[in-house]
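The structure appears right after this line, and notes come after that.
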Amino acid sequence: MAANFWSSSQCDLLLEARERRAEEASRAPKPKARPRRRQIVLRGVEPEPGEPGSSGGGPGSVVTQLVDYAVLLSKELKIRQRPVLTACAYLWRLRPETLDPPENAVGWSELDDERHITAVTMACVYLACKVEEQPVSADKVAGFSQGLCSATDLLDAELCVLEDLSASLVVHHPIDDVERYA
């Protein structure tokens, strides 16, 4: 072993390897720049035939897709896990009638149905953030819908979710018990 690292063979090997990596990196094609923010749009919540929980197009399969959408939205908003789990619990506790379009709506189109479902899902995420005390503005949440719903639509859907859940917003998270008694 040499007394001076800079005159040793290890230094030469290290510098050669570093130069080789730099040359390979310069020859490799550059990756495309990622967009700053990915827009999430819920398109077509029809259940897929092989999806677990899809019993002939029942509401369970739609809720499964909405939970996936809520998780994606939460990742984009950089929300902690606890509000995400609370939002998923709210989505599972909703009645199927809440997700369906209104019966007496005249001229209700497929886009309005998608707008309604998106607003309800975003309202569950927004409400869970409020309950779990993680501040997120309604405008920021509504900004991820690509114009499908505005902040006022989100707040209206929040009232529908509150009414459907009978204002019972407390969700038992078993992780607390695991941390406490483990």
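The values are calculated or read from the model by the stated rules, or taken from the named source; none is laboratory data. In this text the structure is predicted, and so the values were computed from the model without any measurement. Cβ atoms come from the backbone with ideal geometry, glycine included; neighbour counts cover every protein chain shown.
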- Item | Matching residues in the stretch 84-100 - criterion: being of a type in the set (A, V, I, L, M) and farther than 15 Å from residue 159 by Cα | 84, 85, 89
- Query: Tell me, which helices (runs of 4 or more DSSP H) wholly within the stretch 26-131 include 2 or more residues that are hydroxyl-bearing (Ser, Thr, Tyr) and at pLDDT 75 or above?
  - Reply: 59-77, 81-93, 110-131
- Query: Counting just the residues of the stretch 132-141 that are among the charged types (D, E, K, R) and part of a loop (DSSP other than H, G, I, E, B), which one comes out surrounded by the most Cβ atoms within 10 Å (Cβ to Cβ)?
  - Reply: 132
- Filter result (crowded, with 19+ Cβ neighbours inside 10 Å and hydrophobic (A, V, I, L, M, F, W, C)) within the stretch 142-170: 142, 144, 148, 149, 154, 157, 161
